[in-house]
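Heads up, the thing below is written out as structure tokens.
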Amino acid sequence: MAAAAAWPELEAAARERRRELALAGAAVAERVAAGGGRLPAALLALPLLQSLELSGCAALRELGPGLAAALPALHTLVLRGNALGPAGLGAGLGGPLPALRLLDLSGNGLEALPAALGGAAGAEPAGAPAFPQLRSLNLSGNRLRELGPGLARAAPQLQALLLSGNRLRALPGGLLPPAAAAGGPFPLLSRLEAADNEVAELGADIAALPALKSLDVANNQLRELPAALADCPRLKEANFRGNQLKDKRLEKMVNGCQMKAILEYLRAGGRGKGKAESAREEARKKKREKQQKKDGRDGEQDELEEASKLLVKVLHVSENPAPLVVKASPGVKDVRPFIVCCILKGVNLKPGNALKRFLSAQTKLHEDICEKRTAATIATHDLQLIKGPLIYDVQPPDELKIMPLGRKEIKAKDLLRQLQLEAEEQRKQKKRQNVSGLHKYLQLLDGKDNYPCLVDAEGVVISFPPITNSEKTKIRKDTCDLFLEVTSDTSLQICKDVMDTLILKIAELNRFTLENKEDSGSDNESDALCGPVNLNPSQNVQPMNFPLVVEQVRVVDTDGNLKVLYPSKTDLTTVSSLLTVIR
């Protein structure tokens, strides 16, 4: 009991069934030090955690045993700026984390990776991958001298590998097995950073990373750049500054020329190499491309190529002369505390069955990532019908009035009673135990003295999560600008993840509509009325090189202090492999 009392944050997390926890500060460091430099045992009694951060704790030297087994739902683990190492992860991580997407171990003292991450230079681990969903691994600011090929087996879906500020001497080095074939290890790795190391050799096998788009090897000890860099099919950005290259012309180019010019120079074999060498390089490239097409993973790469055409441009608050703001009242803290909003412009809902398809996709989002709306609820509005600023508030059931989609204005308590009666009638008619539609979400409000709502500047309730939207801001076929809203009573991170996925889904449906060149049709608008929250479809018929525009929206408290800004620099990372974000 004494140990539990010493960690009030963990007590609160257990009591409130939180899915997100961040620990930092001097008080946390003191308690970790008192516990022998380990994480508290009470942390392992929070199996619902999906996001855990413990940063800036110089006393944290090891995790303690069993973290992976105790927290199987983790999708984000940030252990930045602690004192883990030289091998302080070994017993602590302890095993696989099947849901983990982001792992940040930067700024520690690691000299080797734990066995679950493939070890330092050993063989590939046997069995299923320990981190099958891991997308981003940050190992910057440690003491790593080499990495073994086991990492490719442990994290096959890795997209970003950050290694800056270590002691690596070769790249890719031991990451790839000898004579690695294109499309083999790390088929999705698009970002590789290894600046400020001791890299003296950049191997030709770098071209075996078929998805590599960004490479940073600044401030190392490179004397040459391999011609094989020109064979990297997707390489768009590279930083070679701070290396004393023997080819002085090339050294000048890396400090001032565009990437395309550097690759052309390398393809030609550098200074003094003639057409014959260039022809040999071209033949090698064609041979490699031919091998890629034959590779068994070629389907994944084709999918990446198609997905790279999906563009989203972020418009920052500072660029918007009249940004929309959402003010959150103190009362939402005890009812439904988390909300994330943004504006999406450039939507076209006119063609064919665009609206229907999106409503179907949104229903699936509510069932899957939103966990039948228990984790989060989505809502979409016609931006032109919204009067800002908006207030995210709570109201008693007998005072909250809304005009639900397809219905007349009604009090919330009467709406729920009406829906409950409809549910009973539905059960009798279909002779089933379960109900469908909005009726299956009614229990989410059981025991609430106040209901959450989003209110516009005219005092009109435009959203009543997790039940319905308002007829006032209903999206129609001529809607082109959307206001997107995701709310949750469990986690801010789940709101962001759902919003990321929603924006990706809209972009995908836009492309589908464009490619199929549908004529303007007549979606049955009644579908929009009986769908879960009017999550409006966005089929964009504009050319694929014209991105959707996502405008940032701030959520502030009643004093104007910022609570959340979406999308921030770290948002949309969960879909970064499928979406190109222009910031």
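The values are calculated or read from the model by the stated rules, or taken from the named source; none is laboratory data. Given the structure is predicted, the values throughout are model-derived calculations rather than measurements. Virtual Cβ from ideal backbone geometry, glycine too; neighbours counted across all protein chains shown. Keep in mind that these areas ignore ligands, DNA and RNA; they rest on the heavy atoms of the full protein, side chains included. Shrake-Rupley method; radii C 1.70, N 1.55, O 1.52, S 1.80 Å.
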Quick count over region 224-267, residues being closer than 23 Å to residue 140 by Cα, among the charged types (D, E, K, R) and in contact with a Lys or Arg (Cβ under 8 Å, 6 or more places away or on another chain), is 2
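In the list 375, 322, which residue meets the criterion of being within 25 Å of the chain's Cα centre (by Cα) and among the aliphatic types (A, V, I, L, M)? Walk me through it before giving the result.
Values: 322 fails: within 25 Å of the chain's Cα centre (by Cα).
375 is the lone residue from the list that is within 25 Å of the chain's Cα centre (by Cα) and among the aliphatic types (A, V, I, L, M).
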Within region 210-220, the count of residues that are in a loop (DSSP other than H, G, I, E, B) and open to solvent by less than 10 Å² (accessible area, probe 1.4 Å) comes to 5
Those residues of region 427-443 that are modelled with pLDDT of 75 or more and closer than 20 Å to residue 405 by Cα come to a total of 1
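Against the definition (of a type in the set (S, T, N, Q) and more than 21 Å from residue 479 (Cα to Cα)), how does residue 395 come out, yes or no? Spell out the reasoning first.
Details: of a type in the set (S, T, N, Q): yes; more than 21 Å from residue 479 (Cα to Cα): yes.
In short, yes.
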Determine whether residue 65 is at pLDDT 85 or above and either open to solvent by 60 Å² or more (accessible area, probe 1.4 Å) or not in a strand (DSSP E or B) (or both).
no
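Taking region 245-270 on its own, how many of its residues are outside any helix (DSSP H, G or I) and under 37 Å from the mean Cα position of the chain (by Cα)? Before you say what the answer is, go through the steps one by one.
The first filter runs over region 245-270 and keeps only residues outside any helix (DSSP H, G or I), leaving 245-247, 257-258, 268-270.
Right, trim to under 37 Å from the mean Cα position of the chain (by Cα) and you get 257-258.
Qualifying residue count, region 245-270: 2.
Suppose the filter is outside any loop (DSSP other than H, G, I, E, B) and either open to solvent by less than 40 Å² (accessible area, probe 1.4 Å) or modelled with pLDDT of 85 or more (or both); does residue 52 pass it?
Working: outside any loop (DSSP other than H, G, I, E, B): yes; either open to solvent by less than 40 Å² (accessible area, probe 1.4 Å) or modelled with pLDDT of 85 or more (or both): yes.
In short, yes.
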By residue number, the members of region 20-41 that are open to solvent by less than 40 Å² (accessible area, probe 1.4 Å) and either under 23 Å from the mean Cα position of the chain (by Cα) or among the aliphatic types (A, V, I, L, M) (or both) are 21, 23, 28, 29, 32, 39
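Take residue 161 and tell me if it is modelled with pLDDT of 90 or more and in a loop (DSSP other than H, G, I, E, B).
On the way: modelled with pLDDT of 90 or more: yes; in a loop (DSSP other than H, G, I, E, B): no.
In short, no.
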Pairs returned, first residue in region 411-423 that is within 15 Å of residue 446 (Cα to Cα), second residue that is assigned to a helix (DSSP H, G or I), beta-carbon separation under 8 angstrom, 6 or more apart or interchain, are 416/442; 416/445; 419/438; 419/439; 419/442; 420/439; 420/442
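Filtering region 227-241 down to residues that are assigned to a loop (DSSP other than H, G, I, E, B) and in contact (Cβ under 8 Å) with a residue 40 or more places away in the chain, which residue is most open to solvent (accessible area, probe 1.4 Å)? It would help to see each step written out before you state the result.
Going residue by residue through region 227-241, those that are assigned to a loop (DSSP other than H, G, I, E, B) are 232-236, 240-241.
This time we only want the ones that are in contact (Cβ under 8 Å) with a residue 40 or more places away in the chain, so: 233-234.
Working: 233: 61, 234: 36 Å².
Filtering first and then ranking leaves 233.
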Of the residues in region 396-412 that are assigned to a strand (DSSP E or B) and buried (at least 19 other Cβ atoms within 10 Å of the Cβ), the one that is modelled with the lowest pLDDT is 404
Apart from one, (1) over 25 Å from residue 99 (Cα atoms); (2) open to solvent by 10 Å² or more (accessible area, probe 1.4 Å) all hold for residue 144; the odd one out is (2)
Here the qualifying pairs (Cβ atoms under 6 Å; residues six or more apart or on different chains; first in region 320-333 and part of a loop (DSSP other than H, G, I, E, B); second among the small types (Gly, Ala, Ser)) come out as 324/388
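Does residue 509 satisfy the criteria of being open to solvent by 10 Å² or more (accessible area, probe 1.4 Å) and more than 30 Å from residue 48 (Cα to Cα)? Working first, answer last.
On the way: open to solvent by 10 Å² or more (accessible area, probe 1.4 Å): yes; more than 30 Å from residue 48 (Cα to Cα): yes.
Yes, satisfied.
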Per the list (1) assigned to a loop (DSSP other than H, G, I, E, B); (2) at pLDDT below 85, residue check on residue 223 breaks on (2)
Across (1) modelled with pLDDT under 85; (2) over 30 Å from residue 128 (Cα atoms); (3) open to solvent by 60 Å² or more (accessible area, probe 1.4 Å), residue 6 clears everything bar (3)
